[in-house]
Amino acid sequence: MKKIIFFGPPGAGKGTQAKKISKYLNVSHLSTGDILRKKLLDEDELANELKSIMSSGNLVSDEILNSIVASRLKNEKDRGFILDGYPRTLKQSEFLDDFLLQTSNSINFYFNININFETLKNRILKRSSEESRDDDNIDVLQTRYNEYINSTQKVSNFYKDKQSTIFFDIDGSLQIEEITEKIKEIIKKS
């Protein structure tokens, strides 16, 4: 079963492509945001801690996120999965690599959707007018984009150097279906 990680700045289309490819491969799409929201529904100590952190507007720590993602991956490792929004920090990537090693698993593909800030800005403004999303404004986008440049892009570059034969840069300025087809072609060739 295929195990894939999607990278790219906010608004690049990671979630859209992860959903399409997860259907295509019949594997789970594990979005960090979805995983956290689902975990909040649990009635345990970790869920209570998470509620407290998220309601105060703070970011979830690497330790908590690693723990939650690891428990989900244990359930999915034999089926395959697509990670979207994880790992975002070098600490998370180290944890993930150790976890995969301990469970005798490995990632088959890393897809990095590249897109420049101007294109992203135009796309987000268009989406904002069509979908009325609160988080779709230039200030939020700039903050999230800077966070991506300062942390997640380092993770992406780490894997690009370490796993160059299975790391693929994808042009995020293409149409959604063109991007999907490029990804499918790469998967089919392997």
Item to complete: Determine which single condition residue 84 fails, assuming it passes every other condition in (1) open to solvent by 70 Å² or more (accessible area, probe 1.4 Å); (2) under 14 Å from the mean Cα position of the chain (by Cα); (3) of a type outside the set (Gly, Ala, Ser).
Response: (1)
Worksheet item: Do any residues in segment 71-96 that are over 19 Å from residue 17 (Cα atoms) have Cβ atoms under 8 Å from those of residues that are open to solvent by 80 Å² or more (accessible area, probe 1.4 Å) and charged (D, E, K, R), where the two are at least six apart or on different chains, and which pairs are they?
Response: 90/154
Fill in: Subset of segment 145-160 (residues that are touching a Pro at 6+ places or on another chain (Cβ under 7 Å) and closer than 11 Å to residue 89 by Cβ)
155
Worksheet entry | Qualifying residues in segment 91-124 (those that are open to solvent by 20 Å² or more (accessible area, probe 1.4 Å) and in contact with a Lys or Arg (Cβ under 6 Å, 6 or more places away or on another chain)) - the one nearest to residue 168 (Cα to Cα) | 108
Fill in: From 173, 151, residue being among the hydroxyl-bearing types (Ser, Thr, Tyr), open to solvent by less than 100 Å² (accessible area, probe 1.4 Å), at pLDDT below 95 and assigned to a loop (DSSP other than H, G, I, E, B)
173
Practice prompt. Please identify the pairs in which a residue from segment 20-39 that is closer than 12 Å to residue 183 by Cβ has its Cβ atom under 8 Å from the Cβ atom of a residue that is of a type in the set (Lys, Arg) and surrounded by fewer than 19 Cβ atoms within 10 Å (Cβ to Cβ), counting only partners at least 6 apart or on another chain.
Written response: 21/184; 24/184; 25/2
Discussion item. Condition (residue is open to solvent by 20 Å² or more (accessible area, probe 1.4 Å) and in contact with a strand residue (DSSP E or B) (Cβ under 7 Å, 6 or more places away or on another chain)) applied to segment 54-74: is it met by at least one residue?
Written reply: yes
Discussion item. Quick check on my filter: what residues within segment 21-33 are surrounded by fewer than 19 Cβ atoms within 10 Å (Cβ to Cβ) and within 11 Å of the chain's Cα centre (by Cα)?
Written reply: 33
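Filter segment 34-52 for residues that are aliphatic (A, V, I, L, M) and under 26 Å from residue 80 (Cβ atoms); which is most open to solvent (accessible area, probe 1.4 Å)? Spell out the reasoning first.
Keep residues of segment 34-52 that are aliphatic (A, V, I, L, M), which gives 35-36, 40-41, 46-47, 50.
Among the residues that remain, those that are also under 26 Å from residue 80 (Cβ atoms) are: 35-36, 40-41, 46.
Numbers: 35: 10, 36: 19, 40: 42, 41: 138, 46: 40 Å².
Among those that are aliphatic (A, V, I, L, M) and under 26 Å from residue 80 (Cβ atoms), it is 41.
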Practice prompt. Answer yes or no: is there a residue in segment 1-20 that is among the hydroxyl-bearing types (Ser, Thr, Tyr), within 17 Å of residue 113 (Cβ to Cβ) and at pLDDT 80 or above.
Written response: yes
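Would you say residue 180 is over 15 Å from residue 5 (Cβ atoms), open to solvent by 70 Å² or more (accessible area, probe 1.4 Å) and among the β-branched types (Val, Ile, Thr)? Reasoning before the result, please.
On the way: over 15 Å from residue 5 (Cβ atoms): yes; open to solvent by 70 Å² or more (accessible area, probe 1.4 Å): no; among the β-branched types (Val, Ile, Thr): yes.
So residue 180 does not fit the description; no.
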Worksheet, complete the sentence: Okay, helices (runs of 4 or more DSSP H) sitting entirely in segment 8-85 with 3 or more residues that are more than 26 Å from residue 137 (Cβ to Cβ), I get 14-25, 45-55, 62-76
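The values are calculated or read from the model by the stated rules, or taken from the named source; none is laboratory data. Bear in mind the structure is a predicted one, so any value in this text is a computation, not a measurement. Positions of Cβ are generated from backbone atoms using ideal geometry, with glycine treated the same way; all protein chains shown enter the neighbour counts. Keep in mind that these areas ignore ligands, DNA and RNA; they rest on the heavy atoms of the full protein, side chains included. Shrake-Rupley method; radii C 1.70, N 1.55, O 1.52, S 1.80 Å.
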